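Novice: Before I ask anything, here is the structure I am working with.
The values are calculated or read from the model by the stated rules, or taken from the named source; none is laboratory data. No experiment lies behind these values; they were computed from the predicted model shown. Using ideal geometry, Cβ is built from the backbone for each residue, glycine included, and neighbour counts are taken over all protein chains shown.
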Amino acid sequence: MSVIRLGYVHIRVTDLARARAHYADTLGMDVVAEEANRVYLKSWDEDDHHSVVLEEGGVGLVKFGYKVTGADSLADLENRVAAFGATSVRMSKGDNVGIGDGLRVTLPSEHTLELYADVEYLGTKVGKLNPDPWPRDGIRGIGVPRINHALITAEDPAQLERFFELALGFRPAERLVGGDEPDDLVGSWMFCGENPHDIAFVKGPNGKLHHFAHQIDDWSALLRAGDVMSMDDVPIDFGPTRHGITRGGTIYFFDPSGNRNEVFSGGYRTGPDFRPITWTMDQAARGVNYTHREIDQEFLSVVT
Amino acid sequence: MPIITVHPAAVRVVAPPGRTIVESLRLAGWRSRYACRRGGCGTCKAPLLRGRVTYEQPLAESVLTAAERSAGLCLPCRAVPVDDIVIAQGEHSLRPILASSPCPPRPPFPEE
């Protein structure tokens, strides 16, 4: 399918300086561009211009971007979005720093999702010729290598799942259902490549962000990430622990404005022939936190 | 230093200078209702029954609206008591914890 992966998350922050310190010094991202009220950052193993944008004023999601395979797929996606009955507008090179022409889609859940193929290439910190496995002189804090996925909330998860499937070509890897009916959807974890999820959503208010996640190597990287969070007094939501859903390792934590972040490791491989997994509500706590089998009710309701 | 009283638990703790309500309670061994502790989620929002608080960092209007403020609500994870205050915690009572506050700045490595 033509959507490759999550490219960037653009969020609001109440205090740009504190947010910048969190994403640059605690997570270890590099600042690649700045405007009066915005900071653009990328992780060390990402090629493209940026993967996080911080904008001063408020909290929550401004928009997020998914990269597609080419300019020709944008026209196809535009038709499919229109056929679903959703709205989109063309965006132009320069609307976003470093990002080329694209399509700005308003999801049925009222989130703004941008699709683009052309993005300024900056390259990873280790290069493409005989590279080191990580940058010898350039890891700060956790040193997240790349962004991985986002989880948003939607009043009608079933409708949003249909949208991602029919309009954008995603497939569900795991589905959380409320009752006996498979259509009573509480949440869905969907992929466009071979990840266990590139986008996920659970039932909640439209337009809100539950969290976005950076991928890190493994369980020991998670524990080290937790060390850095303690050193920097980052509020932890929960973890380190394992998800039942996606089987990934996780720590959930909060940025200085209260937007939820995650570091995520592992997870299995999916693909076009992957058959979705079903979770029922009586096992939802195990699905979210497989180790502890108990979550605060607020985990599902706390969004920005 | 200002005294924080929490209803209905009737717990009273001291608010050290510059410390928020949530931090002051944590330092005194109480876990109140909160999630992000950074002013973003609104989980800790509570009625301020008496006294005044100040906010030393910018707040998102979407989290605590002007109308909510004038209706007497405060955001304990960001609110710093100015004088003695009383807040209500509703059905969510306080839970005793042992919490570590942020580390003080580390002293410089002694020179040889």
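Novice: Of the conditions (1) within 14 Å of chain A (Cβ to nearest Cβ); (2) modelled with pLDDT of 95 or more; (3) in a loop (DSSP other than H, G, I, E, B), B:Val22 fails just one. Which one is it?
Specialist: Here B:Val22 meets the rest and fails (3).
Novice: Shifting gears a bit: Answer with yes or no whether A:Ala150 is surrounded by 17 or more Cβ atoms within 10 Å (Cβ to Cβ) and either assigned to a strand (DSSP E or B) or at pLDDT 95 or above (or both).
Specialist: Considered against the rule, which asks whether it is surrounded by 17 or more Cβ atoms within 10 Å (Cβ to Cβ) and either assigned to a strand (DSSP E or B) or at pLDDT 95 or above (or both), A:Ala150 comes out as yes.
Novice: Sticking with this one: Any idea how many residues of the range A:267-279 are touching a residue at least 12 places away in the same chain (Cβ under 8 Å) and either within 14 Å of chain B (Cβ to nearest Cβ) or surrounded by fewer than 14 Cβ atoms within 10 Å (Cβ to Cβ) (or both)?
Specialist: Final tally of qualifying residues: 5.
Novice: Given the options A:Arg80, A:Arg90, A:Arg104, name the one that is assigned to a strand (DSSP E or B) and either of a type in the set (S, T, N, Q) or within 24 Å of A:Gly193 (Cβ to Cβ) (or both).
Specialist: A:Arg104
Novice: Confirm whether A:Val9 is closer than 26 Å to A:Arg224 by Cα and surrounded by fewer than 16 Cβ atoms within 10 Å (Cβ to Cβ).
Specialist: Against the criterion (closer than 26 Å to A:Arg224 by Cα and surrounded by fewer than 16 Cβ atoms within 10 Å (Cβ to Cβ)), A:Val9 does not qualify.
Novice: Please indicate, with yes or no, whether at least one residue in the range A:9-24 is touching a helix residue (DSSP H, G or I) at 6+ places or on another chain (Cβ under 9 Å), at pLDDT 95 or above and of a type in the set (D, E, K, R).
Specialist: Within the range A:9-24, not a single residue is touching a helix residue (DSSP H, G or I) at 6+ places or on another chain (Cβ under 9 Å), at pLDDT 95 or above and of a type in the set (D, E, K, R).
Novice: While we're on this one: Which pairs turn up if I take residues in the range A:176-203 that are buried (at least 23 other Cβ atoms within 10 Å of the Cβ) and look for partners that are basic (Lys, Arg) and modelled with pLDDT of 95 or more with beta carbon separation below 7 Å, at least 6 apart in sequence or on another chain?
Specialist: Qualifying pairs under 7 Å: A:Leu185/A:Arg175; A:Gly187/A:Lys203; A:Ser188/A:Arg175; A:Met190/A:Arg171; A:Phe191/A:Arg171; A:Cys192/A:Arg5; A:Asp198/A:Arg5.
Novice: Hey, another quick one. Considering the range A:10-54 alone, what residues qualify as being assigned to a loop (DSSP other than H, G, I, E, B) and touching a Pro at 6+ places or on another chain (Cβ under 8 Å)? Walk me through it before giving the result.
Specialist: Filtering the range A:10-54 down to residues assigned to a loop (DSSP other than H, G, I, E, B) leaves A:14-15, A:27-29, A:35-37, A:43-47, A:49-51.
Answer for the range A:10-54, where residues must be assigned to a loop (DSSP other than H, G, I, E, B) and touching a Pro at 6+ places or on another chain (Cβ under 8 Å): A:Thr14, A:Asp15, A:Ser43, A:Trp44, A:Asp45, A:Glu46.
Novice: Just give me the residues in the range A:52-106 being among the basic types (Lys, Arg) and more than 27 Å from B:Cys41 (Cβ to Cβ), in sequence order.
Specialist: A:Lys67, A:Arg80, A:Arg90, A:Lys93, A:Arg104
Novice: Here's a follow-up. Give me a count of the residues in the range A:20-51 that are within 14 Å of chain B (Cβ to nearest Cβ) and surrounded by 23 or more Cβ atoms within 10 Å (Cβ to Cβ).
Specialist: Selection size over the range A:20-51: 3.
Novice: Among the small types (Gly, Ala, Ser), out of contact with any Pro (no Cβ under 9 Å at 6 or more places or on another chain) and over 26 Å from A:Asp273 (Cβ atoms): does that describe A:Gly123?
Specialist: yes
Novice: Of all residues in the range B:56-105, count the ones that are over 22 Å from A:Asn259 (Cα atoms), of a type in the set (A, V, I, L, M) and free of Cβ contacts under 8 Å to residues at least 40 places away in the same chain.
Specialist: Number of matching residues: 2.
Novice: Something else: Just to be sure, is B:Thr5 of a type in the set (Ser, Thr, Tyr), surrounded by fewer than 22 Cβ atoms within 10 Å (Cβ to Cβ), more than 28 Å from A:Ala19 (Cβ to Cβ) and away from chain A (no Cβ under 13 Å)? Even if it seems obvious, please write down each step before you answer.
Specialist: Details: of a type in the set (Ser, Thr, Tyr): yes; surrounded by fewer than 22 Cβ atoms within 10 Å (Cβ to Cβ): yes; more than 28 Å from A:Ala19 (Cβ to Cβ): yes; away from chain A (no Cβ under 13 Å): yes.
Here the answer is yes, as B:Thr5 does meet what is asked.
Novice: Tell me which residues, restricted to the range A:7-60, are of a type in the set (S, T, N, Q) and without any contact (Cβ under 8 Å) to a residue 24 or more places away in the chain.
Specialist: A:Asn37
Novice: So if I check each of A:Val263, A:Val302, A:Val228, which one is over 25 Å from A:Glu165 (Cα atoms), in contact (Cβ under 8 Å) with a residue 40 or more places away in the chain, among the hydrophobic types (A, V, I, L, M, F, W, C) and within 12 Å of another protein chain (Cβ to nearest Cβ)?
Specialist: Criteria check complete, one pass: A:Val302.
Novice: Next question, about the same structure. Which ones in the range A:110-119 are part of a loop (DSSP other than H, G, I, E, B) and surrounded by 15 or more Cβ atoms within 10 Å (Cβ to Cβ)?
Specialist: Once the filter is applied, which keeps residues that are part of a loop (DSSP other than H, G, I, E, B) and surrounded by 15 or more Cβ atoms within 10 Å (Cβ to Cβ), the range A:110-119 yields A:His111, A:Ala117, A:Asp118.
Novice: If you don't mind, there's one more thing I want to ask. Of the conditions (1) over 19 Å from the mean Cα position of the chain (by Cα); (2) of a type outside the set (Gly, Ala, Ser); (3) modelled with pLDDT of 95 or more, A:Val59 fails just one. Which one is it?
Specialist: Result: A:Val59 passes all but (1).
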